[in-house]
Structures are given as structure tokens and as C-alpha cells.
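The structure appears right after this line, and notes come after that.
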Amino acid sequence: MAKILLVEDEVNIASFIERGLKEFGHDVHVAYDGATGWELIQKESFQLLILDIIMPKINGLQLCRQYRQLYGYQSPVVMLTALGTTDDIVSGLDAGADDYLVKPFSFQELEARIKALLRRSGNEMPTHALCCGSLSLDPTGHRAFRDNTAIDLTVKEFRLLEYFMQNQGVVLSRLNLLKHVWDKDFDTNTNVVDVYVNYLRAKIDKDFDHKLIHTVVGVGYMMEA
């Protein structure tokens, strides 16, 4: 059971999600616009947030950014969106979301995503730093450095880099990365993995002669010092 904040301006969708989550034993609090959701966030602590993107007063992207800036990364955020292109998905993840769900969706899929995120947030990764050559990553502080230069990472970039560093020397397929970083067991028909690998390369490899992320043609990617 988790204490969940649902911010969704469509009453029928909000009621559908609320009923389903309560049947699974979750303690659900509902707000019908971003401003009300922000007020609740400042008054109470939640273990998980579900945010619609297109909402009055404060949209979901802005609300997620405000939450991350003030409260950090202790609670996962699921973004609901009617827009399912790669650019739309990337915008949601860049705002600080851990996952996204495109409308219309099945409740079973939503519950599966919630379970996966709660498992992850409830089982913290080891607190020791991960290292690959001159790159170091601090899972607890959500920080990364290369040659003592701080690297600014979004939530999903951090998770992708963390997974690469936990599996150094191992060739990781796109499906493997979708499963362990995006909690998906199927091809989403988008190039979101390649987009985020390119984001990481621009931040950790571009300005350095020695590259750490390598493409294995026809297979996927590998991190190796």
C-alpha cells in the first residue's frame, strides 16, 4: 500500500483511477488541477505522484519540475499524457518524471508501472559510488562527475547511466534497456532509448577524448572504460 497523489482534471478518468488504486489498498488523494495538486504536495508527503500533463492553472510538466526542485527524487512520478510521440515522452521524462503512460491506457498497465516504481524506490541502490574510468556516480546524492566536473542529469538520464555503470563490459540491447530503465518488456516503436543514449553521450563523452559509451552494431550499447 502506498500514499498516492493523483492530479487529473478529467473527473471520469480521475474517478476510474482512484477506484482502481483503492481496490489495491492504496491511500489515494485527488486534485483536479495543478495548483490544487501543488498545495497538497506542500502540505503532505506522498510515496508516488500521478500527474496529467494537460491541466488548468499548472500543467503536469511544470508541476513535476516544481516538485523535483523543492523535494528532490525520493518519490517517483508517473506522467499521464494524450501525446505519445518520442518528443512528447522525452519532454515528460526531462521534466523529472520516472515513467509515462499514454492515454487511453488500461488500469492493469498503470498498476504494473506503479508496482515497479514502488519496488525500486523501496529498495535503494547501494550507497557507494560507481566508477568507470574518470566517471563517478553517487546513487544516494543523485550526482555524477567526470574528471571532477559535475554533470547535470535528468531522472531518466541518471537511471540509464546508473544501469550502464552497474553492467560495465556487458552489451545491453535496446529491449534490455527498455525493461530495466523504462520498465517495459516490449518495443514501444519509438527511438527513446537511442535518444537518451545520445543525451548521455553529449554530457559524459562529448568533451573527452576517451569515450565510455560504445555502440555494438546490430545489438545495442556497452559502457567500458
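The values are calculated or read from the model by the stated rules, or taken from the named source; none is laboratory data. Just so it is clear, the model here is predicted, and its values are computed rather than measured. So basically every Cβ, Gly included, is an ideal-geometry build from the backbone, and we count neighbours across all protein chains shown. SASA here: full protein model, heavy atoms, side chains in, ligands and nucleic acids out. Shrake-Rupley method; radii C 1.70, N 1.55, O 1.52, S 1.80 Å.
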- request: Note down the net charge around residue 27, summing +1 for each Lys or Arg and -1 for each Asp or Glu among other residues with Cβ under 12 Å from its Cβ.
  value: 0
task: Describe numerically, in nm with one decimal, the distance between label points set 7 Å from Cα along Cα→Cβ at residue 86 and at residue 175.
output: 2.0 nm
statement: For the range 7-144, dividing by residue count, accessible area per residue (probe 1.4 Å) in Å² works out to 48 Å²
query: Put a dot 7 Å past each Cα toward the Cβ at residue 54 and residue 211; how far apart are the dots in nm?
result: 4.0 nm
field: Sequence-distant residues sharing a close amide H with residue 26 (under 5 Å, placed H)
entry: 2
query: At a 1.4 Å probe radius, carbon and sulfur cover how many percent of the accessible area of the chain?
result: 51 percent
- prompt: Based on the alpha-carbon gyration tensor of the range 1-45 and its eigenvalue square roots a ≥ b ≥ c, which shape applies: rounded if a/c is under 1.5, prolate if not and a/b is larger than b/c, or oblate?
  reply: oblate
- line: Rounded to the nearest 10 Å², the 1.4 Å probe accessible area of residue 208 is 40 Å²
- request: Would you calculate the separation in nanometres between label points at residue 24 and residue 142, each defined as 7 Å from the Cα along the Cα-to-beta-carbon direction?
  value: 2.2 nm
query: Once you sort the root eigenvalues of the Cα gyration tensor of the range 12-140 as a ≥ b ≥ c, which label holds: rounded (a/c under 1.5), prolate (a/b larger than b/c) or oblate (the other case)?
result: prolate
message: How much length would be gained if the chain were fully extended between residue 166 and residue 108, taking 0.36 nm per residue of separation minus their Cα-Cα distance, in nm to one decimal?
response: 17.9 nm
With 10 Å bins from 0: P(r) over the chain, alpha-carbon pairs, percent: 7, 33, 34, 19, 6, 0
query: To the nearest 0.05, how large is the calculated FRET efficiency for residue 183 and residue 71 if R₀ is 35 Å and r is the Cβ-Cβ distance?
result: 0.95
